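First up is the structure itself, then whatever we jot down about it.
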Amino acid sequence: MQMSEQETPDTFNGKRKRVDSSAADAMSIDNAKKKSTDFWFKDGNLTLEVEDTQYRVHRSVLSRHSSVFLDMLELPQAETTTDGAEDTQIPVCLYDAKKDWDNLLGIIYDPFR
């Protein structure tokens, strides 16, 4: 690498500046999605991601109530892998409002609430 006229051997060593690990940890926490407290089922087999929230629900339940999900879930899906005690699923990202999904899932899973 060539040094520019303004750089001296003391200021340029050809390496990237080190990122503070605590700053990197803080960034990953900020980017983490929270699990829905009402609609995160351990036996769920479909993860939906809406805004900053993830829902773990059942494919069969959504397919029963929605022809869109029925058609979508008939397409080949990526396989889930087991990472420790919890399955790692690729979430289906949805671009609707979180409150709309809270209401919809409330109607489907707990209609008398």
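The values are calculated or read from the model by the stated rules, or taken from the named source; none is laboratory data. For clarity, every value in this text was computed on a predicted model and none was experimentally measured. Cβ placement follows ideal geometry from the backbone for every residue including glycine, while neighbour counts extend to all protein chains displayed.
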I need a count of the residues in the stretch 66-106 that are modelled with pLDDT of 85 or more, surrounded by fewer than 11 Cβ atoms within 10 Å (Cβ to Cβ) and of a type in the set (A, V, I, L, M). 2
Filtered residue count, the stretch 49-68, keeping only those that are in contact with a Ser or Thr (Cβ under 6 Å, 6 or more places away or on another chain) and among the basic types (Lys, Arg): 1
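What do you reckon, is residue 39 surrounded by 15 or more Cβ atoms within 10 Å (Cβ to Cβ) and either at pLDDT 95 or above or on the phi > 0 side of the Ramachandran plot (or both)?
yes
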